[in-house]
Each structure stands twice: as structure tokens, then as C-alpha cells.
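Written below as C-alpha cells is the structure these notes are about.
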Amino acid sequence: MKVLILDNAEAAVRRAADIVARLVGDRPRCVLGLATGGTMLPLYDELGRRHVSDGLSFAQVATFNLDEYIGLPPDHACSYHTYMREAFFDRIDIDPARTHLPRGDADDPQAESLAYEARIADAGGIDLQVLGIGQNGHIGFNEPTSSLGSRTRIKTLTDDTRRANRRFFDTFDQTPRHAITMGIATILQSRACLLLATGAAKAEAVAGMVEGPLSAACPASALQLHADATAVLDRDAAAAL
Ligand code: GLP
């Protein structure tokens, strides 16, 4: 894994944006895998800014998000569909028909998971998967003990993860218990991975990811198996390396 340590979060975000912007500039029809969470908000701000000021165009880009909460329809205020529209898609020139997230309100989430894998394959696979990391080392919603061979499927969220994401909901009880998430093998199949982590709360998970051991106890450690994985960190997130 290539590890880039930048002085602060702003510099890390700019560096991650450089990597995304270079791919989109070189290959306008690329397929991006996208992530949600607080860490990604400044990245989407920066890419949106480059769209406006540098003419960076996403008109032909296709996107696939990692995950969505089960039970939330796309127009729910706390769904990842809404997050993506508000944080990114509505601010760039992307064709909404080319943006994909699992449907959290699907009648049959298992069938939706299989269909999502098929949609990724039909698009030719993901060129660059953008990732954050949970404090427990999860990527997407692949919680600790997730199979390293997993594909898109239903996952039960740990209470730790629900507590970390509770800030987006009114109460802990309203914080969803399940999600559809790309699996670890799905993520590893991307042609390149870019993980962005900032802040001291991520230091322990980042150390597990980079320095191992390779273990389902730290799902992000699976990125050690990827031939083209880059972790972009600020000093605080890199503090335990
Ligand atoms: C959620 C998402 C992950 C994300 C994680 C970290 O659990 N499913 O994809 O990496 O949050 O979020 P944050 O950046 O808010 O710490």
C-alpha cells in the first residue's frame, strides 16, 4: 500500500482530489466508486470547486457508492442517496442516470445486492474506489469479522458504528441497524483504491490497516492485498504508524 502523509486535513483532501481529478481528466468515461461519511464532505467540496473553477467535468463519469442504509428510501433526509445529491451530485455536471447506490428500500435487499454487483460488472468494473475508514477499521459497512471474500450483501451494523453515525439521526433508536454494502472482495476488485483518513480518531484503525496483521478483525487491512491502493492521511490519522 502506498501511504501519503500530509501536514493537515486540508492538504490530505487536496491530494486525494488530485488523484480523482487526474483520472477523470485522463479518462472522462471512468467509473468511480464513492464513499460517504464526514471525511468525504471536504473532498466533495474540493471536487465541486474544481468543477466550477477549473472546468473539471463529470458529464460522462459513472459512479457506484459503497453502501446504503436498509429501510431508508432515496428521498429520506438521512439516506446516502440524499447525502450524495447534496454533497456532490447536485453541484457537478454528472448525469444522475449514471449515479448508482444500492436501494435501501428494496423489497428484497438480498436480490438488490446481487443486482448491484451485476450493475457494477455491466459498467466494466470500478476504476477508482474512494474509501473512508470507520474507527473500528470498517470499509463501506464491512464491519470487523466480515469475510475478506465477501460480495455486496446485507450487513448488521455494530453498536459502535451506529453510535458513530448517530449524529446524522435524531435518536440512537432511529439509527439504522442494517445496510447493503459492497463486500471486501467487491472493493478489492476495483482497479485502484484511494482511502482518505483524517483526524486522531482514525489513528488506531489506520495503523491496523497499514501495519496489519491482515485480518477480518480490521477489514481495511484487506487493502494490503491490493496492487494499487493508496492511503492519503493527515498527521493525526498517521500518528500510530
Ligand atoms: C460510514 C460509511 C463508511 C465511512 C465511515 C467513516 O460508516 N459507511 O464508508 O468510511 O462512515 O465515516 P466518517 O468519515 O464520518 O468518520
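The values are calculated or read from the model by the stated rules, or taken from the named source; none is laboratory data. From a predicted model like this one, the values you see are computed outputs, not experimental measurements. Don't worry about glycine lacking a Cβ; one is built from the backbone with ideal geometry, like all the others, and counts go over all protein chains shown.
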So, Ile126, is that one part of a strand (DSSP E or B), surrounded by 14 or more Cβ atoms within 10 Å (Cβ to Cβ) and not polar (S, T, N, Q) or not?
no
Kindly indicate whether any position in the range 83-98 is at pLDDT 95 or above and in a strand (DSSP E or B).
no
Looking only at residues in the range 30-52 that are of a type in the set (Gly, Ala, Ser) and closer than 14 Å to Leu194 by Cα, which one is farthest from the ligand (Cβ to nearest atom)?
Gly33
Starting from residues that are crowded, with 18+ Cβ neighbours inside 10 Å and of a type outside the set (S, T, N, Q), keep the ones in the range 153-167 and report whichever is farthest from the ligand (Cβ to nearest atom).
Arg153
Out of the range 1-54, which residues are of a type in the set (S, T, N, Q) and part of a loop (DSSP other than H, G, I, E, B)?
Asn8, Thr36, Thr39
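Identify all residues within the range 184-241 that are among the β-branched types (Val, Ile, Thr) and crowded, with 23+ Cβ neighbours inside 10 Å; write none if there are none.
Result: Ile184, Thr186, Ile187, Thr198, Val206, Val232.
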Of all residues in the range 70-107 being within 16 Å of the ligand (Cβ to nearest atom) and of a type in the set (Gly, Ala, Ser), the one that is surrounded by the fewest Cβ atoms within 10 Å (Cβ to Cβ)
Gly71
Output the qualifying pairs, or none if there are none: Cβ atoms under 7 angstrom, residues six or more apart or on different chains, first residue in the range 77-99 and closer than 11 Å to Asn65 by Cα, second residue surrounded by fewer than 17 Cβ atoms within 10 Å (Cβ to Cβ).
His81/Pro74
Taking the range 46-69 and keeping residues in contact with a Pro (Cβ under 8 Å, 6 or more places away or on another chain) and surrounded by 17 or more Cβ atoms within 10 Å (Cβ to Cβ) leaves Val61, Asn65, Asp67, Glu68, Tyr69
Restricting the range 108-122 to residues that are surrounded by fewer than 17 Cβ atoms within 10 Å (Cβ to Cβ) and among the hydrophobic types (A, V, I, L, M, F, W, C), which is farthest from Ile180 (Cα to Cα)?
Ala121
